[in-house]
Every structure is written in structure tokens, then in C-alpha cells.
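K.L.:
Questions regarding the structure given below will be posed in turn.
The values are calculated or read from the model by the stated rules, or taken from the named source; none is laboratory data. All values derive from a computational prediction rather than experimental measurement. Note that we place each Cβ from the backbone using ideal geometry, even for glycine, and neighbour counts take in every protein chain shown. Accessible surface areas use protein heavy atoms only, side chains included; no ligands, DNA or RNA. Shrake-Rupley method; radii C 1.70, N 1.55, O 1.52, S 1.80 Å.
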Amino acid sequence: MTDRCVQDTGQKMGCRLRLKVFLRSLALQASWNPQRMQNLGLLSCLLPLRSSRPGQDINADRIFCRRYYEFFNTNPYLANFIIGGLIRLEQEMDDGQGLDPHLPLTYRDSLGRTFASLGDQLFWLGLRPALIMVLCFLGLLEHTGGILLGVGIFAVLQLGLRWWSLHKGYLLGMEILGLLRHPFWHTAIKWTRRTAMLATGLVGGLFLTRVQDMSLPAGKSLLWAGVALGVGLPLIMRRRLPGEGLLVVAVGLSFLLTFAIWPPGH
Amino acid sequence: MSVMALIAFPDISFLALLALLAGLLTLDDTSLAQTWFSQPLPAALLAGFFCGDPLTGLAIGLPLQLILAVNLPVGQSFTGEPAVATVAAVGASVLSGRTLMVPMVGAEPQPFGFVGWMVLAAGSLSALGHFLVQAERRAHTLWMLEGHRTLRDGNLDRMASLQARCLATTFLRGSLLVVLMLLFLLWAWIPLYQHLPLRLQQTLAILPWLLPGLGLGTLVDRYGRSRAWLWALAGLLLALAMFQLPGVLA
């Protein structure tokens, strides 16, 4: 997609180093904290770079840690673009290519925000609801194997993306802006959202066909009451409840609905 | 049910297996890999498979997934502890000797009071687990600040061990919490069901049928405020055409 942007500098990220960084990058959020978020996770990912060097320079290690111990937060699925790029910048600095020592920080901060925004739109607001609704659709059809297969396919693909993006970020280095400018991102976000909505409608439609078979007087109204509540509640409350809060609201509404379905004395 | 039967301790190997599963799923939630196997539906199915009853997993996991679909495990937002709560609910249901039917597959809702009871349990325990998650994150802050010593002495191993400590804590949280939740469900929550008034049991029977609409409505509200809602409508019509037209034509 953006190979034309790659500059060959002769730098290489060996397979051992790549594997070590990749495995650590899977735990980028393990030490997530409210104060500096993924800072310890990022530093942990970059540690193999230091340990792969011959000899130990405590002063250089201190400066290295200080550089990466500030606030950092990005989308975990796209973080490896940044980590790969940082490894390349660090190598270039070590090779004495005259880079400004503040450059990796600017690179980290600006790309962190950009990939956080892209990743949240693509993964959390696009792919996640799409996949979840597809899983629910399969669940309504009682395809248990299909559900696990669907999640498994996503898992393999996202691990592949992380492995590939680590190398891609390394190859691109400062040229990663070309990748960010690519229209692919916005197209992907748009289509994943559409897929999510399509799958949401599919689940709703399948549910409707299920309640058709019930001899329950309030069959369809259970779906529409829920939909109306789901759409209307945030407008009334002016805030969006988490799923667990919605569950409590649903218990209250279910209680009221029982009087319509099974009147007193029924 | 006798008191001895009520407080009978589950098989240790069964508990250990569920603790292992819950620990791994807790790691998967935000700490490690984030493969989405920790989402309520796959987590419930996995727990069901581990317990030898995947349909019980599906019965609890499907309504729970629909209502928790709106939770985003991003930054400071509410996260809950759905994976552990789901595994505990499925494990306790199987241990109680019940085989649950999947709601929304065409049968009457009356048998689903117990499903609603367990879904309510999983949702409530997930909400309670949220406070533990927050406490753990505050502990992460303290450990992260401990790493400042490396900024003075250059000891890189400390950073690696702090990260490993965070991972181990998360795994332990999931493993221990699932055992506590499961015992609570088995010894208190499930026996309580048969003492509920009929009206409450009917409420719980309705619950799994109401949750899909509520979950879908919330998703449409959250993601469909633009022209994307047309796609939801298209999906609805497509499903009706796929599953209802053949019956009408026949």
C-alpha cells in the first residue's frame, strides 16, 4: 500500500528482536494506569532493543527509560506501527545519524494520538460491534462452533496485523505520514460501521421471526419496547449507561411488562 | 435441599479449570492480546464447553452479550468484569445440575426465569468487579511510580519485573474472583431463586426477551445517529426476508 514511501537506510530489525518486541507488545496495556496509561507497557516493549546491545551503559539506560516513561496512550491494535518506528529512530540515534533526541518523543506523542483516534474508530466503534452482532446472529441460530470460529479468525487476523505493522512501522520510520494519509482508513471505518449496523438489523430481524412463533400476547412488543428504551433512555437521561446499568433498567421494565402479559389473577 | 447439599464444595479440579479459564480471559480483556474471546458470548461458550454443556453457556452468554455490547474497554470508560462473571454464572448453573435452554429460539418464555436470574447475577457481579478493576489500576500507578528508581539507577530488569507483576496480578484477580463468585452463586444466589415470588420469577422470564431489543436500541443510538441507520433497516428487512418469507410462501 505504501511501499513507495519506504526509504532504504540499510537498517534491519532482526527476527529475534522482532519476535521479542512483538510478544511484549501484546501486553502493552498490562500495566495500564490512570496517570500515564501505557507508558510502562511501551517501555517494556522497547527493552529488548537495549538488551540486544553489547555491553551495558547505565547512563544510556537511564536516559532511555526517562525518554519513554512519560504519558503514552494509543490503540493497542495499531500500536506496533509506532513501536516499530521508535525502534528505527533509536537505532538511527545510536548510529550517530545526528537525530534530535526529542524527535522520538514528538514521534511517539503525535502518532500515539493519531493511531488512538483511528484505532478507536476502526476497532472499538466499527469492527467490535460488527463482530459482536455477527456472533449474536450465529448465537440465535445456535451455531456455537461458528461463534468460536469467528472470534478465532479475528484473533489470528489482529495478531497478524500486529506482527506486520511492527515491521511496517520500522520500515517507514518518519515516512509513516504517507500511511496515515491513505484513504484506506476512512473507507474501512465507514464500511465497518455499515457492517455493524447491517448486522444489528439482522439480529433484530431474526429476533422478530423468533417471537412470531411465541403465543405470547406481548411477543413483538418486547423487542420494540427494548429498542425504544435503548434509543430513548440516553436522550432522557442525557447520559449513556453501561450495559450493567441497562440490565437493571431492563429488570424494572420487565417487572412492569409482566402485568401486561400475565395480569393479576391470571 | 439439605444444608449439607447446599454447602457442598465443588470438585477442586473443576474449580481449578474454571479459575485457569477465568484468569486467561481476564488477561485477554485488556492486558494481553485482546483477542475478544473474553467477550461475554465467547467466554460463556468456552466456559460451557469446559463444563461439558455449551448450550448453558449460550443461554447465559447471548442475552448478556447483547446488553453488554455497548461497553467499551477503552481508557477510563466503564469496563466491568464481564468475562469472570460470565464464567462463574455458567459454571454455577452447570454445577447446580440444570441444563438451560437458549432463549429466543422460539419457545415460550416461562422456562427462562432461571436464565434471567443467572443473567442478572452475571451483570451484577460484573458491575461489582468493576471496582476491583479500578483498584488494580490504581495499584498499577503505584508500581509504575516505583519504576522511577530505574530512572536513577538504570536497572532495566526492574521495569520488566513490574510489567510481569501487573500481568500476574490480573491473572490472579480473575482466577480468585471466579472461585468466590461461583461459590456465592452456588451457595446463595441459585438456592434463592426458588423462594422468589411468582411475579419476580415472571419478571426474570421476560428479561432475556427484553434485553436484545434494549441492546440493539442502544447500539443504534450509539452508532447509528447518521445515515448508518439505513443499514440497520436493510439488515432487518434482509433477516425477515431470509427467515420469514420461506414460511409465508410455504
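K.L.:
Test each condition in (1) free of Cβ contacts under 8 Å to residues at least 40 places away in the same chain; (2) farther than 17 Å from residue A:260 by Cα; (3) surrounded by fewer than 24 Cβ atoms within 10 Å (Cβ to Cβ) for residue B:213 and report the one that comes out false.
P.N.:
(3)
K.L.:
Based on this model, can you work out whether residue B:233 counts as within 12 Å of chain A (Cβ to nearest Cβ), open to solvent by 70 Å² or more (accessible area, probe 1.4 Å) and not acidic (Asp, Glu)? Break it down stepwise before answering.
P.N.:
Numbers: within 12 Å of chain A (Cβ to nearest Cβ): yes; open to solvent by 70 Å² or more (accessible area, probe 1.4 Å): yes; not acidic (Asp, Glu): yes.
Yes, satisfied.
K.L.:
Against the conditions (1) surrounded by fewer than 23 Cβ atoms within 10 Å (Cβ to Cβ); (2) facing chain A (nearest Cβ under 9 Å), where does residue B:135 fall short? Just the number, please.
P.N.:
The single condition residue B:135 does not satisfy is (2).
K.L.:
Does any residue of the range B:203-214 turn out to be within 19 Å of the chain's Cα centre (by Cα), closer than 27 Å to residue B:142 by Cα and more than 9 Å from chain A (Cβ to nearest Cβ)?
P.N.:
So far as the range B:203-214 goes, no, none of its residues is within 19 Å of the chain's Cα centre (by Cα), closer than 27 Å to residue B:142 by Cα and more than 9 Å from chain A (Cβ to nearest Cβ).
K.L.:
Let me ask something else. In the range B:69-113, how many residues are open to solvent by less than 10 Å² (accessible area, probe 1.4 Å) and at pLDDT 80 or above?
P.N.:
16
K.L.:
Here's a follow-up. Looking at the range A:163-195, which of the residues that are within 18 Å of the chain's Cα centre (by Cα) and among the hydroxyl-bearing types (Ser, Thr, Tyr) is nearest to residue A:14 (Cα to Cα)?
P.N.:
Per the stated criteria, the residue is A:165.
K.L.:
Sort out which residues of the range A:45-60 are part of a helix (DSSP H, G or I) and closer than 27 Å to residue A:163 by Cβ, and write them in order of number. Let's see the steps before the verdict.
P.N.:
Step one: filter the range A:45-60 for residues part of a helix (DSSP H, G or I), giving A:45-51, A:58-60.
Across the range A:45-60, the qualifying residues are A:45, A:46, A:47, A:48, A:49, A:50, A:51.
K.L.:
Under 6 Å by Cβ, and 6 or more places apart or on different chains, what pairs join a residue from the range B:34-47 that is open to solvent by 10 Å² or more (accessible area, probe 1.4 Å) with one that is assigned to a loop (DSSP other than H, G, I, E, B)?
P.N.:
The qualifying pairs do not exist here.
K.L.:
Continuing with the same structure: Output the number of residues of the range B:142-182 satisfying the condition of being without any contact (Cβ under 8 Å) to a residue 40 or more places away in the chain and part of a helix (DSSP H, G or I). Walk me through it before giving the result.
P.N.:
Of the range B:142-182, the ones without any contact (Cβ under 8 Å) to a residue 40 or more places away in the chain are B:142-165, B:168-169, B:180.
Checking the rest, the ones that are also part of a helix (DSSP H, G or I) come to B:142-146, B:148-153, B:156-165, B:168-169, B:180.
Looking only at that region, the number is 24.
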